[in-house]
Amino acid sequence: MTKKIILDLDTGVDDALALAYALGSPELELIGVTGTYGNVLVEQGVANDLALLDLFGHPEVPVYAGLPHAGDRDGFEVLEISSFIHGANGVGDVELPAATRGPEEKSAVDFLVESVREHGDDLVIVPTGPSTNIAAAIEADPEFAEKAHIVLMGGALTVPGNVSAWAEANINQDPAASDLMFRRARDVTMVGLDVTLQTLLTYEDTAKWRELGTEAATKLADITDYYIKAYETTAPYLGGCGLHDPLAVGVAVDESLVDLLPVNMKVDTEGETRGRTIGDEERLSEKEKTARVAVGVDAERFLAELMERIGRVLAD
Ligand code: BDR
Ligand code: CA
């Protein structure tokens with residue numbers, strides 16, 4: 001039986017890779033994409049999702065626009081570092097034909113709430129941007145926190161952050177929302193920098209996509225090469241680009257790709273350590289752990305899975 005999945009994306013180059021990974025996974029049925037802000041404004045992210053779904057041959061997947069900024073902020077501006085890594089348009093400054101359809105009328109938060117009520121244990125939600133939509137769904141419906149299965153890309157437990165010494169980019173955008181998610185949701189799997197920076201893609205890999213000769217393959221290779229190039233400046237010691245968001249989808253398909261540590265997590269919401277993801281000292285001895293943090297990964301196996309799954313989408 002296939003598992004239903006919703007991707008909550010701030011698309012974003014690695015979000016685009018996560019989308020392709022999900023579409024190329026026979027174990028998954030992508031029932032919708034919800035858009036958030038982060039790498040780009042929410043409107044741009046939604047436009048990217050629609051354009052990429054067309055490019056990948058799946059114009060039937062509905063896209064829902066989410067909240068435009070954190071609840072405790074008046075607005076949102078894209079950070080300079082985000083544009084540097086993902087391009088001003090989020091997809092490596094590669095031009096994609098605009099989709100002929102727009103987003104659904106229903107809001108992302110309503111779609112998330114209704115989907116959890118309807119599908120329960122058959123559904124996994126994979127947020128790969130700030131936790132703003134997820135926190136709003138938790139506040140909108142107590143059943144959401146009880147029943148949702150969430151596998152998020154975000155945070156860092158055993159390594160430093162990537163926007164500050166403490167904070168990873170997704171958590172940094174809305175620490176209060178991520179904190180609420182960790183405190184209230186019953187089943188959260190955190191796929192953070194601890195593991196995502198061990199999974200890397202290189203120009204040799206994107207060259208294999210180019211050999212497929214399709215428009216989707218060429219465009220995704222162009223998009224990803226922009227991101228690999230940015231990593232040569234931001235983290236030259238890695239020797240490739242971080243496969244953050246697709247790894248979260250990989251774990252949603254098969255959690256044996258990672259080693260999971262059960263911890264009751266929290267997020268520091270102010271002060272010097274704002275955005276830090278760490279164990280909650282006040283829930284340390286609680287028997288039930290509501291989060292599991294990925295602290296090890298079979299990078300080789302994941303990369304093979306990624307090439308096969310994305311290759312499948314690009315070849316068609
Ligand atoms: C995360 O931040 C975003 O820039 C990426 O898309 C990924 O979700 C990595 O810290
Ligand atoms: Ca992302």
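So how much slack lies between Glu95 and Ser256, counting 0.36 nm per residue of separation and subtracting their Cα-Cα distance, in nm?
54.3 nm
Extending each Cα 7 Å along its Cβ direction at Glu43 and Glu288, get the distance between those two points in nm, one decimal.
For the pair Glu43/Glu288, the computed spacing is 4.3 nm.
Could you tell me how many cubic angstrom of Cα convex hull volume the chain has per residue?
Numbers: hull volume 38.3 nm³, N = 316.
Hull volume normalised by residue count: 121 Å³.
For Thr233, project a label point 7 Å along Cα to C-beta. Then give me every residue of the stretch 164-187 with its amide nitrogen under 19 Å of that point.
Correct set: 164, 169.
Taking the Cβ-Cβ separation of His58 and Glu27 as r and a Förster radius of 22 Å, what is the calculated FRET efficiency to the nearest 0.05?
0.85
Using Cα pairs under 8 angstrom and six or more residues apart, how large is the relative contact order of the chain, in percent?
Working: 709 pairs, mean separation 64.4, N = 316.
Relative CO of the chain lands at 20 percent.
So how much slack lies between Val163 and Glu215, counting 0.36 nm per residue of separation and subtracting their Cα-Cα distance, in nm?
15.3 nm
Could you give the angle, 0 to 90 degrees to the nearest 10, between helix 175-184's Cα long axis and the longest principal axis of the Cα atoms of the chain?
Computed tilt is about 60 degrees.
For the chain, take the longest principal axis of its alpha carbons; what is the angle in degrees between that and the long axis of helix 215-234, to the nearest 10 within 0 to 90?
Helix 215-234 sits roughly 60 degrees off the main axis of the chain.
Could you grab the Rg to Rh ratio for the stretch 79-130? Cα atoms only, Kirkwood for Rh.
1.11
Given the -39500 (n - 2.57) contribution per DSSP H run of 4+ residues, what per-residue ellipticity at 222 nm results for the chain, rounded to the nearest 500 deg cm²/dmol?
Dividing the helical sum by the residues of the chain leaves -12500 deg cm²/dmol.
Summing +1 for each Lys or Arg and -1 for each Asp or Glu, what net charge is found among the other residues whose Cβ lies under 10 Å from the Cβ of Ser256?
Working: positive: Arg301; negative: Asp254, Glu255, Asp259, Asp298.
Net of charged neighbours comes to -3.
Grab the other residues whose beta carbon is less than 15 angstrom from that of Thr233, score K and R as +1, D and E as -1, and report the net.
Charge balance near Thr233 sits at -2.
For a quick check: with amide H placed at 1.01 Å from N, whose amide H comes under 5 Å from Thr189's, ignoring anything fewer than 5 positions away on the same chain?
For Thr189, whose amide H was placed from the backbone, the distant partners under 5 Å are Ile150, Val151, Leu152, Arg292.
For the stretch 3-315, with all protein chains present and a 1.4 Å probe, just round the carbon and sulfur fraction of the accessible area to a whole percent.
50 percent
Gly161: net charge of surrounding residues, Cβ under 9 Å, Lys/Arg +1, Asp/Glu -1, itself excluded?
0
Are any of the pairs Lys147/Lys289; Lys4/Lys106; Lys3/Lys229 more than 25 Å apart by Cα-Cα distance, and if so, which? Intermediate results must be reported in sequence, preceding the final value.
Working: Lys147/Lys289 15 Å; Lys4/Lys106 19 Å; Lys3/Lys229 35 Å.
Beyond 25 Å: Lys3/Lys229.
I want to make sure I understand the PRE zone here: with the label point 7 angstrom from the Cα of Asp121 toward its beta carbon, which residues in the stretch 155-196 have backbone N atoms less than 20 Å away?
Backbone N within reach: 185-189.
Ordered by residue, what ³J(HN,Hα) values in Hz, to whole numbers, does the stretch 114-129 give under the Karplus form 6.51 cos²θ - 1.76 cosθ + 1.60, where θ = phi - 60° and Gly and Pro are x?
Once rounded to whole Hz, the list reads 5, 5, 5, 4, 6, 9, x, 5, 7, 10, 10, 10, 10, x, 10, x.
Quick one: helix 299-315 against the long Cα principal axis of the chain, what's the angle to the nearest 10°, folded into 0 to 90?
50 degrees
Where only protein heavy atoms count, and the probe is 1.4 Å, what is the accessible area per residue for the chain in Å²?
41 Å²
Keeping all protein chains in place and using 1.4 angstrom, which order do Arg117, Arg210 fall into by accessible surface area, from largest down?
Details: Arg117 130, Arg210 85 Å².
The ranking, largest first, comes out as Arg117, Arg210.
The values are calculated or read from the model by the stated rules, or taken from the named source; none is laboratory data. Worth saying up front: this structure is predicted, and the values here are computed from it rather than measured. We place every Cβ from the backbone using ideal geometry, glycine too, and count neighbours over all the protein chains shown. Please note that ligands, DNA and RNA were not included when accessible areas were found on the heavy atoms of the full protein model with its side chains. Shrake-Rupley method; radii C 1.70, N 1.55, O 1.52, S 1.80 Å.
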